[in-house]
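Enquirer: Dropping a structure here in structure tokens format, bear with me for questions.
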Amino acid sequence: MDTQLFMFLTFGLLVVLVAFTVPILLKLAKLLNSISNLIKTTDDSIKPILSEVNVTIKNVNKIITSIDEIIDGVKELSASLKELGNWLKKLGGSLKDADSLVANLKGQVAGVSSAMKTTLNVLTKVISRKGDKNEK
């Protein structure tokens, strides 16, 4: 009888175990099904978003490339302006030198002009004296 009792108890325990395990397994199956549906829904929702993100990233990259080109242009312009500034500085120095040369030249021309006037006056006086002597 021990064997029958053992078998009966084992069968009873197995029935109780199956009775408790089956609902848990059914809930677990529903949970896995819900997770699978969530993953499918999320995947369907994420695809358009990822596509838009890719387009946005491409647009941002184009903008960054344009900004890089503008920065390169500004660098070139800055270098050109610096060179222009250096040449203008040299020109300013040359103009100062030219100004002093022009002032010096004006002084020399004034001196030559004054000397010519004096020479012409003396020449006129000499000629008029000789003319007066010849008339006498």
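No lab work stands behind these numbers, since they all come straight from the coordinates. Keep in mind that what you see is a predicted model, and the values were worked out from it rather than measured.
Enquirer: First obtain the Kirkwood hydrodynamic radius of the chain from its Cα pairs, then insert it into the Stokes-Einstein equation at 37 °C and 0.692 mPa s, and state the resulting D in µm² per second as a whole number.
Expert: Numbers: Rh = 27.9 Å.
The Stokes-Einstein estimate is 117 µm²/s.
Enquirer: So what's the angle, to the nearest 10 degrees on a 0 to 90 scale, between helix 2-135 and the longest Cα principal axis of the chain?
Expert: Here the helix axis deviates by roughly 0 degrees.
Enquirer: Given only helices, namely DSSP H runs of n ≥ 4 each adding -39500 (n - 2.57), what is the per-residue ellipticity at 222 nm of the chain, to the nearest 500 deg cm²/dmol?
Expert: On the way: 1 runs with 134 residues, N = 136.
That calculation yields -38000 deg cm²/dmol at 222 nm.
Enquirer: If you don't mind, there's one more thing I want to ask. Gap in Å between the Cα centre of segment 7-30 and the Cα centre of segment 62-89?
Expert: 81
Enquirer: Further, regarding this structure: What's the extension gain from E83 to D2 if we count 0.36 nm per residue and subtract their Cα-Cα distance? Intermediate results must be reported in sequence, preceding the final value.
Expert: On the way: separation 81, 0.36 × 81 = 29.16 nm, distance 11.14 nm.
Roughly 18.0 nm would be gained on extension.
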